[in-house]
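J.: The following block contains the structure, expressed as structure tokens.
Quick note: the coordinates plus some simple rules give every number you see, no bench work behind them. In this text, all values refer to a predicted model and were calculated from it rather than measured experimentally. Because the Cβ atoms are built from the backbone with ideal geometry, glycine has one as well, and the counts that use them run over all protein chains shown.
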Ligand code: UDP
């Protein structure tokens, strides 16, 4: 709306790391036409805002990016640890958000009528109370991991953290057959007082206070979770997969991945990506490259940085007729292409959902956060993928997994099961689908 037609100001607080801010922006893009009188202020770091707000996209005039401090100390010299920017940012919250929100209130003369935040932001419970406004928390991963964070104290108490190897989560309803080592490490290991474990612990305590928790998933994906999640929150709203509910965005394909796929045989290509944050160690990259070269399967490999430095010497030249290596791929389109037959993935939730929507079985190498839990769900609950070796990528493990998914009956069987789940995903976002109904409930929460 033009300034004079803005009747409501809604604050959106994004988490600027991994793939969190972009699905939150998708949610807000979906909400904005449903709440035309509202202006959404998207509070996020400059770096993340620059990455997700597309220059030429004027469709969402009612969503305004607003930069907040990323918490980098003055004269800061990076140690190179990928956790450091996250920890600096976590330390700057919630003051960085509060300062920015106060400035907007002063500038506009309007108060916020609702706050929508990444679910990590436990402090939004207090903000919402001060504002007397609803708090909508958005969980960007799957339903299983959010339940585990709610039960952090219980899990820590029962597992006795010194030795979790071999212990099972059978004491939690819905989690039989899941090992203690599969759950997000922030619950069970490492320095539990460092910023991320602390933030997730507090989140588990505060999230039940949220007016609604929205999740980028759909109820039918994991029916065992529906009653469990519904009973723990005021409103738990599966509104995804969001990728199926937004207009087709312009996805750049400067390296011609899709044209190349057009020339490949059906279900014959392995697509490889470990998301926006993970980089497997050099020996695993080497093992995977050797597996691809020896097995001869065709592939698209998305790898950030300079592939010449990351992959074995001569690999690119030797495999140029078999595959392409790019620094960023049009993943969603690749996974929906009929030539794509396997996805070697770190099991980030967005990737998992996109693979389901594309009907592509997964070969899993999980690293941190919820990824191992997603891997177990893919393998043991849905049966639509396989692990790789003993957790790490080895040449032999990768070859066996590729063989299994791309040229065995079991791979076909996984594809059939995926087809069922895929159909449920599309049904959920139809006009009478569960995600559509939940989205309407969410809109009502925001407009009230
Ligand atoms: N992605 C992409 N091109 C790439 C690699 C990743 O478009 O070359 C997108 C992918 O489609 C997904 C997101 O990046 O939407 C990765 O999200 P995920 O939750 O899987 O992992 P994270 O980045 O949070 O580790």
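J.: Relative to the first principal axis of the alpha-carbon coordinates of the chain, what is the inclination of helix 21-34, with its axis defined by its Cα atoms, in degrees from 0 to 90 and to the nearest 10?
T.: It is inclined by approximately 50 degrees.
J.: Any chance you could give the angle, 0 to 90 degrees and rounded to 10, that helix 395-407 forms with the longest Cα principal axis of the chain?
T.: Approximately 90 degrees, to the nearest 10.
J.: Follow-up question, since we're still on this one. Once you order the gyration tensor axes a ≥ b ≥ c over the Cα atoms, which shape class does the range 373-443 get: rounded for a/c under 1.5, otherwise prolate or oblate by comparing a/b with b/c?
T.: prolate
J.: Could you work out which residue, out of 108, 377, 211, moves most in a Gaussian network model of the chain, that is, has the largest mean-square fluctuation with Cα springs under 10 Å?
T.: Among 108, 377, 211, the largest mean-square fluctuation in the Gaussian network model of the chain belongs to 108.
J.: For a test of the definition: using alpha carbon positions, the gyration tensor, and the 1.5 limit on a/c, classify the range 39-115 as rounded, prolate or oblate.
T.: oblate
J.: Related question: Based on other C-beta atoms within 10 Å, arrange 76, 121 from fewest to most.
T.: Least crowded to most crowded, the residues run 76, 121.
J.: Just to confirm my numbers, what's the Cα centroid distance between the range 305-343 and the range 164-210 in Å?
T.: 35
J.: Could you tell me the calculated FRET efficiency between residue 235 and residue 279, based on Cβ-Cβ distance and R0 = 30 angstrom, to the nearest 0.05?
T.: After rounding to 0.05, the efficiency reads 0.20.
J.: Out of all DSSP beta bridges in the range 277-385, what portion is antiparallel? Express it as a percent rounded to 5.
T.: 0
J.: Now for a different question. Taking the mean number of other Cβ atoms within 10 Å as a proxy for protection, how do you rank 362-370, 149-157, 419-427 from highest to lowest?
T.: Sorting 362-370, 149-157, 419-427 by mean packing, highest first, produces 362-370, 149-157, 419-427.
J.: Apply 1/(1 + (r/R0)^6) to the Cβ-Cβ distance of residue 265 and residue 390, taking R0 = 30 Å, and write down the FRET efficiency to the nearest 0.05.
T.: Once rounded, the FRET efficiency stands at 0.45.
J.: When the chain is treated as a GNM, springs tying every alpha-carbon pair under 10 Å, which of 380, 227, 44 comes out with the largest mean-square fluctuation?
T.: Evaluated over the chain, the most mobile residue of the options is 227.
J.: Peptides 196-208, 165-177: what's the order by average Cβ count within 10 Å, highest mean first?
T.: Result, highest mean Cβ count within 10 Å first: 196-208, 165-177.
J.: Between 346, 432, 283, find the one with the highest GNM mean-square fluctuation for the chain; connect C-alpha pairs within less than 10 Å.
T.: Highest fluctuation of the listed residues: 432.
J.: So how do 12-19, 347-354, 219-226 stack up, highest first, on mean other-Cβ count within 10 Å?
T.: Top of the packing list down: 347-354, 12-19, 219-226.
J.: Per 0.36 nm of contour for each residue apart, how much would the distance between residue 75 and residue 103 grow if the chain were fully extended, relative to their Cα-Cα spacing?
T.: Using 0.36 nm per residue and subtracting the Cα-Cα distance, I get 7.5 nm.
J.: No solvent, one uniform scatterer per C-alpha: report log10 I(q)/I(0) for the range 138-181 via the Debye equation at q = 0.31 1/Å, two decimals.
T.: These q points yield log10 I(q)/I(0) values of -1.24.
J.: Also, quick follow-up: With a ≥ b ≥ c taken as the square roots of the eigenvalues of the C-alpha gyration tensor of the range 173-263, please select rounded if a/c is under 1.5 and otherwise prolate if a/b is larger than b/c or oblate if it is not?
T.: Note, shape of the range 173-263 comes out prolate.
J.: I've got another one for you. May I ask for the angle, rounded to the nearest 10°, between helix 349-358 and the longest principal axis of the chain, with both axes built from Cα atoms and the value confined to 0 to 90°?
T.: Roughly 60 degrees between the two axes.
J.: Pull up the DSSP beta bridges for the range 101-226 and report the antiparallel fraction as a percent, rounded to 5.
T.: Taking every DSSP beta bridge within the range 101-226, about 10 percent pair in antiparallel fashion.
J.: Normalising by the residue count of the range 197-296, find the relative contact order in percent from Cα pairs under 8 Å and 6+ residues apart.
T.: 21
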